[in-house]
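Peer 1: Right, I'll just put the structure down here and ask away after.
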Amino acid sequence: MRCPTNPHAVRAGGVVLGLCVLATVAGCASGPAASGSAASVPDDRAVTAERVLQVTSVHEATGMTLLEGPTFGEDGRLFLVDVTAPAGEPKVMSVDLDTREVDEVFTDDTGAYTSAQFGPVDGRLYLTDYAGGRVVSITPDGDDPRTVAEGRVKGRAMHPDDLAFDEAGNMFVTDSAYTPYPSGEPAGRVLRVDGGTGRVTVLADDQPNPNGISFDVGGDALWVSHLDANRIDRLVLDQDRKAVVSGHAAIQVDGGVAQTDSNAVDAAGNVYQGMHGRPEVRVYGPDGTHLTTVSVPAEDDGLQSATNIAIRPGTTDAYVTVSGPAGGFVYRFDALAEGTRQSNGG
């Protein structure tokens, strides 16, 4: 679907969601999605992912499906969220990649969950609820839902999109806000949720719809991708990771019809940038060099996005969520380096 210039509400399973909830979170192509390999990448540097399985079909109630938030649990299951799943249908699922079995983990009446990551301290699965303006956590079995952060931050409700943890359990969240073109002022933010107190503070504001967020290899800076600017910023944090001491636009992505969505970082510091509007992943070195583009086979029609990536920690097995009118799928490719916590969800 096309991004609206104004938010128009649609009803999905009894929950009123603005189209911008579904569109700005997803990236939303501005026209028909392209498919196949990226023509701009030489053949010797292009990677074609292989389809693993179909997880979801288009929901009648919402008119779409959008898989996000791939993250591996300790038992090896790959957890996923379906952003547009209506009430009563699975919103969090787990996949056994050996048997190809898909199990429902969690659902509710109101949430639109856009990302998932396991907490490094308590092992719970943390979910960003874009529609509800909150972050919640559940057990790996989908029990004991708890609200971790919600409410207004500096006078404005949150729209949490993606998240990343530091080793101490502090959470860093992109707070999405659509930037109307051409004269709209950027209003997105990057937030920090204290792991001990739950206090939410603003690390960066006036951002052009931040989406993906991952720590670099050293853990002292964040890679933040901006949906409405097609760029990836590098935000350097202070020693306590409580403030941004410097930042700059680090990587400009030539997306064409596509926009920068979620990202991940491998053990070598490479940034895997998911795209919406084209089913591909752009891979950049930490110096900004475009290393390769991962795409789906040209014959796989009906796909519009490859929004999020998980690399199984300690391996180069990379999995990407791919969605469109054909349904929601998981694809696999070989990463350039091994996976770490920063390449496992968020």
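No lab work stands behind these numbers, since they all come straight from the coordinates. Predicted model only: the values in this text are computed from it and were never measured. Please note: Cβ atoms are built from the backbone with ideal geometry, for glycine as well, and neighbour counts cover all protein chains shown.
Peer 1: Just need the relative contact order of the stretch 9-343 here, percent rounded to a whole number, with Cα pairs under 8 Å and 6+ apart.
Peer 2: Values: 999 pairs, mean separation 62.1, N = 335.
Once normalised by length, the contact order is 19 percent.
Peer 1: Given +1 on the Cβ of Lys and Arg, -1 on the Cβ of Asp and Glu, and no further charges, what dipole in debye does the chain carry about its Cα centre, rounded to the nearest 20? Show your work: numbers first, answer last.
Peer 2: Details: 25 positive and 48 negative charges, 200 e Å.
Dipole about the Cα centre, nearest 20: 960 debye.
Peer 1: Could I ask something else about it? Per residue of the stretch 273-285, what does 6.51 cos²θ - 1.76 cosθ + 1.60 with θ = phi - 60° give for ³J(HN,Hα)? Whole Hz please, x for Gly and Pro, Karplus curve as stated.
Peer 2: Per-residue couplings from phi come out as 9, x, 10, 10, x, 7, x, 8, 10, 8, 10, 10, x Hz.
Peer 1: Give me Y113, Y181 ranked fewest to most by other Cβ atoms within 10 Å of their Cβ, as a rough exposure proxy.
Peer 2: Working: Y113 26, Y181 10.
Ascending Cβ contact count within 10 Å gives the list Y181, Y113.
Peer 1: What order do you get for L67, L227 when you list them from fewest to most C-beta neighbours inside 10 Å?
Peer 2: Values: L67 27, L227 32.
Fewest to most other Cβ atoms nearby, the residues stand as L67, L227.
Peer 1: Provide the gained length on full extension for the span A168 to T289, in nm with one decimal, where the gain is 0.36 nm per separating residue minus the Cα-Cα distance. Show your work: numbers first, answer last.
Peer 2: Values: separation 121, 0.36 × 121 = 43.56 nm, distance 3.09 nm.
Result: 40.5 nm gained on full extension.
Peer 1: Of A243, Q273, P313, which is farthest along the charge dipole of the chain in the positive direction, counting Lys and Arg as +1 and Asp and Glu as -1 at C-beta?
Peer 2: Looking along the dipole axis, the top candidate is A243.
Peer 1: Right, something else. Rg over Rh of the chain, using C-alpha atoms and the Kirkwood radius, what does it come to? Don't skip to the answer; put the middle values down first.
Peer 2: On the way: Rg = 17.8 Å, Rh = 19.3 Å.
Reported Rg/Rh, Kirkwood definition of Rh: 0.92.
Peer 1: Once the other residues with Cβ under 12 Å from the Cβ of A177 are scored (Lys, Arg +1; Asp, Glu -1), what is the net sum? Kindly include the intermediate steps, with their values, before the conclusion.
Peer 2: Working: positive: R156, R189; negative: D161, D175, E185, D205, D206, D228.
Computed value for this residue: -4.
Peer 1: Distance in nm between label sites at R332 and K154, each 7 Å beyond Cα in the beta-carbon direction?
Peer 2: So the two model labels end up 4.4 nm from each other.
Peer 1: Considering only the chain, what is the antiparallel percent among its DSSP beta bridges, to the nearest 5? Show your work: numbers first, answer last.
Peer 2: On the way: 100 of 104 bridges.
Roughly 95 percent of the DSSP beta bridges within the chain come out antiparallel.
Peer 1: Among L191, I138, T340, pick out the residue whose Cα is farthest towards the positive end of the charge dipole of the chain, where Lys and Arg carry +1 and Asp and Glu carry -1 on C-beta, about the Cα centre.
Peer 2: Farthest towards the positive pole: L191.
Peer 1: Hey, another quick one. Most exposed first by the Cβ proxy, i.e. fewest other Cβ within 10 Å, how do H159, H226 rank?
Peer 2: Working: H159 27, H226 24.
So the ranking, lowest neighbour count to highest, is H226, H159.
Peer 1: Hey, another quick one. Using the Cα centre of the chain as origin and beta-carbon charges of +1 (Lys, Arg) and -1 (Asp, Glu), tell me which of A298, A221, V47 is placed farthest towards the positive end of the dipole.
Peer 2: Value computed over the given set: A221.
Peer 1: If R0 is 41 Å, what FRET efficiency do you get for K242 and D109 from their C-beta distance, rounded to 0.05?
Peer 2: Values: r = 36 Å, r/R0 = 0.87.
E between K242 and D109, to the nearest 0.05, is 0.70.
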